[in-house]
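Peer 1: Please find one structure pasted underneath; my questions will follow.
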Amino acid sequence: MLERKEYQKYVEDNSPKSPMTRTLFAAFVVGGIICCIGEGIGDIIKLIFEDMPEKEVAIWESCIMIFLGSFLTAIGVYDRLGRFAGGGSIIPITGFANSVTSPAIEYNREGVFFGICAKMFVIAGPIIVFSVAASFLVGLIGYFCV
Amino acid sequence: MKRTFRLNRPVYIKSGFTIVGPKEGDGNFGDRFDIVLSDDLWCEKSYEKCESKMHRDAITGAIKKAGLNREDIDIMMGGDLLNELSSTSLAARNFPTAFLGLYNACSTFSEAMLIASMLIDGGFANNITCSTSSHYSSAERQYRFPLELGNQRTPTAQWTVTCAGCTVLSSTPPKRYNCEVYEDDIIAVDKGLQVDDKTLEKYKKSVEKQKLVIDKGRSNIIRDNFAHDNNDYGKANSHYAVVTGGTLGRVIDLGIDDEANMGAAMAPAACDTIITHFEESGLSPSDYDGIFTGDLGRFGKQTLEYLLSKEGITLPTYYMDAGASYFTAEQKTFQGGSGAGCINTVFNGYILKRLQRGELKRILVVPTGALLNKDTPLQKETIPGISHAFTVESRPFDKIDTKKYS
């Protein structure tokens with residue numbers, strides 16, 4: 001039979017690859033649309049509550065997008081969108097909501113404690129750890145240097 | 001150290017029974033399965049429970065189809081892809097039979113067939129069931145990600161087949177007619193159950209609900225479909241199938257570490273087993289009417305052909321990969337089907353029927369398995385493959401043996 005290196009090279013050269021143009025285009029368009037919807041929601045909030053400070057608008061906007069992401073996951077739409085858009089629907093905050101909601105739905109059958117609560121962060125866990133660690137680091141730098 | 005063996009006496013295939021999910025029913029073998037479900041939960045609370053139920057009912061169906069009773073079975077052998085063989089073990093608790101759980105990933109079926117035929121050949125048992133199952137949703141959760149996660153599958157990915165199948169091997173020859181299996185044999189309230197009327201009523205209602213899930217248009221056990229060409233009920237078989245030998249596989253690892261490219265990880269194992277089989281048995285591909293691999297997928301199939309061509313072996317045009325042929329191109333499964341039940345349901349639903357009609361005389365079935373769990377790739381381990389092969393021959397019935405089961 002072939003040598004290990006020779007075989008690995010054959011597999012690498014001949015394995016079917018993702019169609020880059022199509023997937024990049026889909027990710028760009030869908031990701032863009034999701035961000036536009038987010039911006040639109042921000043604008044509507046500003047229209048309704050004229051006195052709301054910018055920061056608070058951004059918080060409300062994120063909350064609504066997270067709700068939409070979770071809701072679409074629960075009714076089984078977001079995974080289909082993800083299959084088409086790839087990174088386009090994973091990177092925005094709706095994708096983060098999806099990565100928390102989907103294991104929560106999946107592990108519902110193992111009960112509330114060791115099912116939903118324990119498994120909810122199996123995918124989003126690393127993101128949360130890194131963001132907490134990064135904010136701690138930035139805080140330290142800010143405290144001592146600025 | 002010979003790995004190929006020939007059995008001294010014939011080990012007969014009594015029957016094969018298959019249960020598949022809706023997507024599989026839409027696939028290329030859609031009209032060949034005994035039961036096609038229209039819902040992959042089958043009134044259960046989880047996919048694992050559903051897989052276990054499919055497994056149990058495939059065994060029940062196969063025993064009935066062979067004209068046997070539960071008590072006639074000496075040993076049950078089976079496996080699946082879930083941790084600690086949970087779906088097989090939970091299915092086996094419903095039977096009063098000795099049980100051996102086996103695991104060789106997707107080649108568990110051939111492992112079971114080989115061990116069972118050796119045991120029957122050695123005179124240790126008369127009737128053995130060989131069953132395997134897999135479920136897309138339970139495998140996806142165990143090996144990959146939650147179902148609703150919006151991620152993309154890579155083009156090398158395969159689709160775990162939702163199915164369960166069972167073959168009954170025996171030391172006595174089968175009858176010409178398959179014993180008819182009814183819905184009531186598969187789904188029924190247990191007769192020995194000691195419950196009050198209210199609970200019994202609840203069970204009866206749930207049985208009715210479960211029956212509705214069976215796809216009436218495509219399931220072979222439904223009487224209206226008996227006339228279909230690919231249905232093996234109500235028709236006399238001209239031939240019977242006999243397991244005659246096989247080749248046990250080695251664990252082969254050529255350093256593939258991509259768990260989304262199982263075909264490439266398993267192809268070297270299949271290559272090794274096929275080469276060993278031909279060398280040790282003295283046969284060549286032209287001695288077979290059919291060579292079937294398990295679930296290499298389209299790319300894995302191409303890789304196997306490349307590896308064998310390097311060794312100077314050309315596989316004939318009738319070579320088929322069950323996984324690559326399982327689904328149609330429109331079903332978007334990329335490389336095709338995979339899973340412990342994949343080759344099992346293709347064997348029992350498609351290959352066995354062709355053997356029994358005499359269309360195939362001698363075949364080699366070479367299922368392959370990728371031996372990994374969720375953690376080994378994270379621990380930077382490569383993925384080894386394994387493959388066991390078994391040979392099945394079909395022989396014509398004597399003219400006298402035309403009795404139907406009573």
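Peer 1: Please turn the phi angles of the range B:222-227 into ³J(HN,Hα) values with the Karplus equation 6.51 cos²θ - 1.76 cosθ + 1.60 (θ = phi - 60°), one per residue in order, whole Hz, x for glycine and proline.
Peer 2: Using θ = phi - 60°, the values come out as 6, 3, 4, 9, 4, 6 Hz.
Peer 1: Next question, about the same structure. What list of ³J(HN,Hα) couplings, whole Hz, do you get for the range B:300-314 from phi and the Karplus terms 6.51, -1.76, 1.60, once you set θ to phi - 60° and write x for glycine and proline?
Peer 2: Running phi through 6.51 cos²θ - 1.76 cosθ + 1.60 with θ = phi - 60° gives x, 4, 4, 5, 4, 4, 5, 4, 5, 5, 5, 8, x, 10, 9 Hz.
Peer 1: Can you list residues whose amide H is under 5 Å from B:PHE327's amide H, if they're 5+ apart or on another chain and H is modeled 1.01 Å from N?
Peer 2: B:ASN28, B:GLY337
Peer 1: Can I ask one more? For the range A:63-71, in order, what is each residue's ³J(HN,Hα) by Karplus, 6.51 cos²θ - 1.76 cosθ + 1.60 with θ = phi - 60°, in whole Hz (x at glycine and Pro)?
Peer 2: Each residue's phi maps through the Karplus curve to give 4, 5, 5, 4, 4, 4, x, 5, 4 Hz.
Peer 1: With unit charges on the beta carbon (Lys/Arg positive, Asp/Glu negative), name the residue among A:ILE90, A:ALA124, A:MET20 whose Cα is farthest towards the positive pole of the charge dipole of the range A:20-145.
Peer 2: A:MET20
Peer 1: Quick one: pull the percentage of alpha-carbon pairs in the range A:20-145 with a separation above 25 Å.
Peer 2: 40 percent
Peer 1: Also, quick follow-up: In degrees from 0 to 90, rounded to the nearest 10, what is the angle of the helix A:125-145 Cα long axis to the longest principal axis of chain A?
Peer 2: Helix A:125-145 and the main axis of chain A meet at about 60 degrees.
Peer 1: Name the residues of the range B:123-154, by number, that are at least 40 Å² less accessible with every protein chain in place than in the isolated chain; the surface is that of heavy atoms, probe 1.4 Å, without ligands or nucleic acids.
Peer 2: Those residues are B:ARG141, B:PRO146, B:GLU148, B:LEU149, B:GLY150, B:GLN152.
Peer 1: Measure off, as a whole percent, the carbon and sulfur share of the 1.4 Å-probe accessible area of the range B:121-195, all protein chains present.
Peer 2: The value for the range B:121-195 is 48 percent carbon and sulfur by accessible area.
Peer 1: Go through the range A:12-58 and name the chymotrypsin sites (Phe, Trp or Tyr not before Pro) that are in a DSSP coil and have 14 or fewer other Cβ atoms within 10 Å of their Cβ.
Peer 2: A:PHE49
Peer 1: Next up: Once you place label points 7 Å from the Cα toward the Cβ at B:GLU311 and A:GLU3, how far apart are they in nm?
Peer 2: Taking the two extended label points, one gets 2.0 nm.
Peer 1: Could you sort out which of B:LYS2/B:LYS65; B:LYS23/B:LYS235; B:LYS53/B:LYS204; B:LYS65/B:LYS202; B:LYS2/B:LYS310; B:LYS14/B:LYS45 sit more than 25 Å apart by Cα distance in this structure?
Peer 2: B:LYS2/B:LYS65; B:LYS23/B:LYS235; B:LYS65/B:LYS202; B:LYS14/B:LYS45
Peer 1: Magnitude of the Cβ-charge dipole of the protein assembly as shown, K/R +1 and D/E -1, about the Cα centre, nearest 20 debye?
Peer 2: Computed charge dipole of the protein assembly as shown: roughly 1440 debye.
Peer 1: Ignoring ligands, DNA and RNA, how much accessible area is buried between chains A and B, both sides summed, with a 1.4 Å probe, to the nearest 100 Å²?
Peer 2: Between A and B, the summed buried area is about 3000 Å².
Peer 1: Related question: Would you mind telling me the antiparallel percentage of the DSSP bridges in chain B, rounded to 5?
Peer 2: The antiparallel fraction comes to roughly 65 percent.
Peer 1: Still on this structure, please answer the following. Taking the Cα centre of the range A:38-83 as origin, sum charge times position over the Cβ atoms of Lys and Arg (+1) and Asp and Glu (-1), and report the length of that vector in debye to the nearest 20.
Peer 2: The calculated dipole for the range A:38-83 is roughly 380 debye.
Peer 1: Then there is this: Rank by packing, highest mean first: peptides B:339-349, A:126-136, with packing defined as the count of other Cβ atoms within 10 Å averaged across residues.
Peer 2: Top of the packing list down: B:339-349, A:126-136.
Peer 1: Per residue of B:262-269, what is the mean number of Cβ atoms on other protein chains within 10 angstrom of that residue's Cβ?
Peer 2: 2
Peer 1: A further question follows. Would you mind working out the magnitude of the charge dipole of the range A:20-145 relative to its Cα centre, with +1 at each Lys and Arg C-beta and -1 at each Asp and Glu C-beta, to the nearest 20 Debye?
Peer 2: Roughly 560 debye for the range A:20-145.
Peer 1: Amide H of B:ARG250 versus every other amide H placed in the peptide plane: which residues, excluding those fewer than 5 positions away on the same chain, fall under 5 Å?
Peer 2: HN-HN under 5 Å from B:ARG250: B:SER387.
Peer 1: Hey, what's the range A:20-145 come to in accessible area per residue, 1.4 Å probe, Å²?
Peer 2: Each residue of the range A:20-145 exposes 65 Å² on average to a 1.4 Å probe.
Peer 1: Let me know the mean shielding of A:80-86 by other chains, meaning the per-residue number of their Cβ atoms within 10 Å of its Cβ.
Peer 2: Taking the mean over all residues of the peptide, I get 3.
Peer 1: Out of all DSSP beta bridges with both ends in the protein assembly as shown, state the antiparallel percent to the nearest 5.
Peer 2: That works out to approximately 65 percent antiparallel.
Peer 1: Within the range B:1-88, list the chymotrypsin sites (Phe, Trp or Tyr not before Pro) lying in a DSSP loop whose Cβ has at most 12 other Cβ atoms in a 10 Å radius.
Peer 2: none
Peer 1: A further question follows. Taking beta carbons within 10 Å but only from partner chains, what does the mean come to for residues A:11-21?
Peer 2: Mean shielding count: 5.
Peer 1: For the protein assembly as shown, what value does the Rg/Rh ratio take when both radii are computed over Cα atoms and Rh is the Kirkwood radius, given to two decimals?
Peer 2: Checking Rg against Rh, the ratio lands at 1.04.
Peer 1: A further question follows. Amide H to amide H under 5 Å from B:TYR240: which residues, 5+ apart in sequence or cross-chain, H placed 1.01 Å off N in plane?
Peer 2: Placed amide hydrogens put B:ARG395, B:PHE397 under 5 Å from B:TYR240.
Peer 1: Let me ask you something else. At a 1.4 Å probe radius, carbon and sulfur cover how many percent of the accessible area of the range B:331-383?
Peer 2: 50 percent
The values are calculated or read from the model by the stated rules, or taken from the named source; none is laboratory data. From a predicted model like this one, the values you see are computed outputs, not experimental measurements. In this analysis, Cβ positions are derived from the backbone assuming ideal geometry, glycine residues included, and neighbour counts consider all displayed protein chains. With ligands, DNA and RNA removed, areas are computed over all heavy atoms of the protein, side chains included. Shrake-Rupley method; radii C 1.70, N 1.55, O 1.52, S 1.80 Å.
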